[in-house]
Each structure stands twice: as structure tokens, then as C-alpha cells.
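The values are calculated or read from the model by the stated rules, or taken from the named source; none is laboratory data. No experiment lies behind these values; they were computed from the predicted model shown. So basically every Cβ, Gly included, is an ideal-geometry build from the backbone, and we count neighbours across all protein chains shown.
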Amino acid sequence: MPWCWIRPSLRSVRSLRLQRFAMRTVLLPGLLLVPSSCDDPESPRPLSEYPFALATRSCGPADGPAMAIYLTPTEATDLPVVPYFQFYLMRSPAELEGRTWVWPSADETVAAWECTVTGGACAESPAGAIALGRFAVDSAIAVVVDLRRQNGERVRAHATARWLGREVICG
């Protein structure tokens, strides 16, 4: 079910708890099947500023497992340089796939930043959601994001993140 078929039903959902339930139970399957099959100009499409994506292991709090996903302007073969969007998910990749993660949340599982200046501070996204598909045979993973920039602008996009297999030593 395309995003645009689901979005109108979310407008009637008032409470944050119900919105999160809808994101986890209704949106994920629909978003990842055919996210750009509608003519709706607001349906998620590859983000023109950052059309490429990369996923890799990272270190979480207390050196636990985590995954970082980057949306980038060019195809990256290693960790990207600015500019990029970074999504930091504090769970192992196996725990993350096939689910939707919303921030802010009580468990602080996910956060997102837009980094545009080398050596400069990144702008944290105050709220949003990221839906992840299942890892494909080639280790790529479908990613759908719906977030707010600090200036309030809404960003909705999808991409297929290529897996960057690298060893990460935490601690």
C-alpha cells in the first residue's frame, strides 16, 4: 500500500501513542512495498539533496551494538564526508530490521542529525520516524524517513541503503 494511501488516515489520529501504534503496525508494511507509486507531491521519494544511502555498524551507549544510516549526495564507499543526514539507531542491525522507530521516545533508540559543514556542529532533528525493511541478500536495506529539520521543514524520503561491512571495535 503506498504512503499516500495511508497518510490521510493518520490525519485523524490525534494522540501520539496512537500515531506510534499506526507507524509500527500500518505504515511499515505499506511504506516499504511501493513508496513512490503515487502522484502525490508529498509522497516519499529519494531526497534530491541526499539520494544515496549507506548503513553500517556503530557503537551504542555503554559500547553496545548500534547502526548508523547515512543519506548522502553522492554514492559513498566509506563513511561519508559532509554533507549528509545521519540516523543513529542504538540496537543491533538484526533488532532494527523490519521495524519503524520514532523519535523522540522514552527509550531514546534513535536520533538524527543533518551535517552540512566540515568540523561544524550538526543540526539535530527534533522529531521524526525511520522505517527499515529487511536486509536483502546483498545486505542492502530499504529506508523510509519522515522527519522535521530544526527550522520546522518536513523531510520525507526513501532510499536503499548499501551495507558498508566494516569491523567496529567499541570501548
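Quick check on the range 69-88: of everything there that is crowded, with 18+ Cβ neighbours inside 10 Å and of a type in the set (A, V, I, L, M), which residue is nearest to Ser58 (Cα to Cα)?
Among them, the one singled out is Ile69.
Identify all residues within the range 114-171 that are within 11 Å of the chain's Cα centre (by Cα) and polar (S, T, N, Q); write none if there are none.
Within the range 114-171, Thr160 is the sole residue that qualifies.
Does the range 89-121 hold any residues that are buried (at least 20 other Cβ atoms within 10 Å of the Cβ) and under 22 Å from Gln150 (Cβ atoms), and which are they?
If the condition is that a residue be buried (at least 20 other Cβ atoms within 10 Å of the Cβ) and under 22 Å from Gln150 (Cβ atoms), then Leu89, Met90, Trp101, Trp103, Val110, Ala112, Glu114 are the ones that fit.
May I ask you to list the residues in the range 133-171 that are over 17 Å from Tyr50 (Cβ atoms) and buried (at least 21 other Cβ atoms within 10 Å of the Cβ)?
Hit for the range 133-171 is Gly133, nothing else.
Criterion first (within 23 Å of Val137 (Cα to Cα) and either modelled with pLDDT under 90 or of a type outside the set (Lys, Arg) (or both)) does Ala62 satisfy it?
no
I'm checking my understanding of the structure. Among residues of the range 95-125 that are among the small types (Gly, Ala, Ser) and at pLDDT below 90, which one is farthest from Tyr50 (Cα to Cα)?
The residue in question is Ala106.
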